[in-house]
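A quick write-up on the structure given underneath.
Nothing in this text is a laboratory measurement; each read-out follows from the coordinates by a stated rule. For clarity, every value in this text was computed on a predicted model and none was experimentally measured. Heads up, the Cβs are rebuilt from the backbone with ideal geometry, glycines too, and the neighbour counts pull from every protein chain shown.
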Amino acid sequence: MQTIDMHTHLVSREVTFGRFYDRMAIRFFGKKMGFDTKALLAAPYLTYCSTLTQTIRRSKYLRKSVVFGVDARVNAKGEVLHRDLTVCASNEDVLRLYEAHSDVVIPFFSINPMRPDALDLIDRYSELGFKGAKFLQNYWNVNTKERRYRRYFEKLQEKNLPLIIHIGSESSVHSYRPCECISMLHHPLDAGVNVIAAHMALRYEPSKILRALSGNAKYFNADYLTLLTMLQQHENLYADVSALLTPVRAKALRHLSEQCQIHDKLLFGTDYPVPFSTIVNWYDLPYRRRFELAKIENVFDRYVETMLEYFPKESALYSNYTKILDLS
């Protein structure tokens, strides 16, 4: 069985991994994610790119990965208000990575719809071979419900380009919480876009975390439960399981695996390089199995093998990408 990772990040060419979040991730998870940590700190961008592509090639489960950057936060004039030096990789760098490693990379662009030339940029990048779009509207402070974005979504639909939208909690960059909610899906869905709700709309609710760890669905956040219903109602709505091996979110895995009626709408994804642990986590897997999984060297294979505990190799989760990706 082989699949495609629908959710992989490219980092900024200017990355230094100087943020506290980055330093902690590298210190505790760098080696487990496949990085030579000394090389990563010495030549961050080049080491990241080479490690990413080599790890995909060495995976026995991955054919390719959908790779994208994140556009900057801009105003209505297109002036940059903030550009995170870790996550804001440019479309040009995604293109270069794709051209050098087209055997393992599927490029998605990230274009902030606030840009005055956003529609022209969609045309440009789709002509260059980009296969879809990525939104981090919660970082951009973009409310997708606003009618001014209608033409943007219609353009994606005309180009038959799927759109990945972050829904749920965000810990990597500053996030405007009202733009994390599930209502961000409604406008692009109405425009006919094939929409992918990232991370199953799961979020960290500080007042409910301990109850959520029980695995009882009634304690999961409302957007997650709403998404399960919406997946049955909207033919053009999908959801990915990226970052579901991180703490708290992992507790929803058993419940999600039992929702067989929506498995034909789920997509495999990792959220690489977001770190995860197979040992220290709230899975319902036996400790012996957790330690066995932790020994798997390839980080993508470790993710897949863990997901196989909940979604067997026959699951549509691993082949649903064929419904929305044009790999010709």
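In this model, which of Lys31/Lys323; Lys32/Lys60; Lys64/Lys265; Lys32/Lys218; Lys131/Lys155 are farther than 24 Å apart at the alpha-carbon? Write out the running numbers ahead of the final one.
Values: Lys31/Lys323 35 Å; Lys32/Lys60 17 Å; Lys64/Lys265 19 Å; Lys32/Lys218 34 Å; Lys131/Lys155 13 Å.
Cα-Cα > 24 Å for Lys31/Lys323; Lys32/Lys218; rest within.
The Stokes-Einstein estimate for the range 18-107, based on a Kirkwood radius over Cα pairs and taken at 37 °C with 0.692 mPa s viscosity, is a diffusion coefficient of 225 µm²/s.
Please state, as a whole number in µm²/s, the translational diffusion coefficient that the Stokes-Einstein equation yields for the range 96-254 at 4 °C and 1.567 mPa s, with Rh defined as the Kirkwood radius across alpha carbon pairs. Write out the running numbers ahead of the final one.
Values: Rh = 16.6 Å.
Calculated translational D: 78 µm²/s.
Taking only the C-alpha atoms, wrap a convex hull around the range 187-311 and report its volume per residue in Å³ as a whole number.
Numbers: hull volume 13.8 nm³, N = 125.
Each residue corresponds to 110 Å³ of Cα convex hull volume.
Would you mind telling me the antiparallel percentage of the DSSP bridges in the chain, rounded to 5? Could the numbers behind the result be given before it?
Details: 2 of 24 bridges.
Roughly 10 percent of the beta bridges in the chain run antiparallel, per DSSP.
With Cα atoms as the point set, the chain shows a radius of gyration and Dmax of 18.5, 56 Å.
Annotation for Lys32 and Ser50: the two label points, set 7 Å from Cα along the Cα-Cβ direction, are 2.5 nm apart. Taking every DSSP helix (H) stretch of at least 4 residues in the chain, weighting each as -39,500 (n - 2.57) and dividing the sum by the residue count yields a mean residue ellipticity at 222 nm of -9000 deg cm²/dmol. As a rough guide to protection, the peptides 105-111, 31-37 ranked by mean Cβ packing within 10 Å, highest first, stand as 105-111, 31-37.
Whole-percent P(r), the range 222-271, all Cα pairs, 10 Å bins from 0: 24, 61, 15, 0. Over the range 116-160, all Cα pairs binned in 10 Å intervals from 0 give whole-percent P(r) values of 24, 57, 19, listed from short to long. In this structure the amide hydrogen of Ile164, modeled in the peptide plane, comes within under 5 Å of the amide hydrogens of Ala133, Lys134, Phe135, Ile196, none closer than 5 places in sequence on its chain. A simple rule links phi to the HN-Hα coupling: the Karplus curve 6.51 cos²θ - 1.76 cosθ + 1.60 with θ = phi - 60°, which for the range 110-127 gives 10, 10, 5, x, 6, 5, x, 9, 4, 5, 5, 5, 4, 4, 4, 6, 5, 5 Hz, with x for Gly and Pro.
Per-residue Cβ neighbour counts within 10 Å put Met1, Met114 in the sequence Met1, Met114, beginning with the fewest.
Which peptide among 48-60, 17-29, 140-152, 296-308 comes first, and what is the full order, when sorted by highest mean count of other Cβ atoms within 10 Å? Could the numbers behind the result be given before it?
Details: 48-60: 18.3, 17-29: 14.0, 140-152: 15.9, 296-308: 19.8.
Taking the mean over residues of other Cβ atoms within 10 Å, the ranking is 296-308, 48-60, 140-152, 17-29.
So how do 180-190, 262-272 stack up, highest first, on mean other-Cβ count within 10 Å? Spell out each step's value before the answer.
Working: 180-190: 19.7, 262-272: 22.7.
Listed from highest to lowest mean packing, they are 262-272, 180-190.
Dividing the alpha-carbon radius of gyration of the range 85-163 by 2.2 N^0.38 Å (N being the number of residues), what value is obtained? Intermediate results must be reported in sequence, preceding the final value.
Values: Rg = 12.7 Å, N = 79, 2.2 N^0.38 = 11.6 Å.
For the range 85-163, the normalised Cα radius of gyration comes out at 1.10.
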